[in-house]
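Step one of this worksheet: look at the structure below.
The values are calculated or read from the model by the stated rules, or taken from the named source; none is laboratory data. Bear in mind that the values here come from a model prediction, so they are computed numbers and not experimental data. So basically every Cβ, Gly included, is an ideal-geometry build from the backbone, and we count neighbours across all protein chains shown.
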């Protein structure tokens, strides 16, 4: 009632101004409500997606460098929205030294947001700029013709909305590079996949550091391994649960060593502490 009486006492010009102010208020409120609805919709959309992150790591070999040229990373996906091969985002194609990512070091290759569904395979498309350096000399790495359509790795991972999944591609340099009788080198990639939710790890230090042993975790017919770095540190990631025999095979001048019943638990790291190796002369 007061608003009606107030409007009657105003001049025509004042009424026009008041009407414009009311219209501006209505537009402002409408804009705020639209923004709020858009924000809620955006949040809902994000929570409806599963996030996939693909990392690269390496089990080292006796090489000075191993350059592997990866041109694309894709996954074979089946879900409610789409199915088939999907290229992952954020990947920078090119050659990189896989030996930079040993003993627990890894790098994020690519990522994606996917609706709930299942991934059955990951595919790496390799380029031609591959090489290996041995004793200071760099040699080209030839990729067999069978790999030109891409290296396919089985993964079989279900994805649920709102969950982030991390998958590692573990390149075994020692088993992936084959020297031919003519002295040339062939790249036949040996890569295993593992997820953070399905495995544990084993780590520790070796003394003396100069021993540089191969460190192998053995369970039945399965063997996982790495090489201790120059600081003596070693780490084997992606180890399935179980009790392992851990074997240390050092360079010449040091004696091998074994540790029994090394238990690996899901999602945990078994720290072996400092492992002392004896010189061969001491035996």
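May I ask you to list the residues in segment 235-270 that are surrounded by 20 or more Cβ atoms within 10 Å (Cβ to Cβ), modelled with pLDDT of 95 or more and either out of contact with any helix residue (DSSP H, G or I) (no Cβ under 7 Å at 6 or more places or on another chain) or in the same structural domain as residue 173 (by TED's automatic domain parsing) (or both)?
The answer is 244, 246, 248.
Of the residues 131, 145, which is within 18 Å of residue 94 (Cα to Cα) and either surrounded by 11 or more Cβ atoms within 10 Å (Cβ to Cβ) or free of Cβ contacts under 8 Å to residues at least 24 places away in the same chain (or both)? Give the derivation first.
Values: 145 fails: within 18 Å of residue 94 (Cα to Cα).
Answer to the check: 131.
Can you pull out every residue in segment 185-217 that is outside any strand (DSSP E or B), over 27 Å from residue 131 (Cα atoms) and touching a strand residue (DSSP E or B) at 6+ places or on another chain (Cβ under 6 Å)?
196, 199, 211
Look at residue 210 and say whether it is more than 25 Å from residue 125 (Cα to Cα), modelled with pLDDT of 90 or more, surrounded by fewer than 21 Cβ atoms within 10 Å (Cβ to Cβ) and not assigned by TED's automatic domain parsing to the domain that holds residue 147. Outline the logic, then answer.
Values: more than 25 Å from residue 125 (Cα to Cα): yes; modelled with pLDDT of 90 or more: yes; surrounded by fewer than 21 Cβ atoms within 10 Å (Cβ to Cβ): yes; not assigned by TED's automatic domain parsing to the domain that holds residue 147: yes.
So residue 210 passes the test.
Output the residues belonging to segment 73-117 that are over 13 Å from the mean Cα position of the chain (by Cα), surrounded by fewer than 13 Cβ atoms within 10 Å (Cβ to Cβ) and on the phi > 0 side of the Ramachandran plot.
Correct list: 84, 94.
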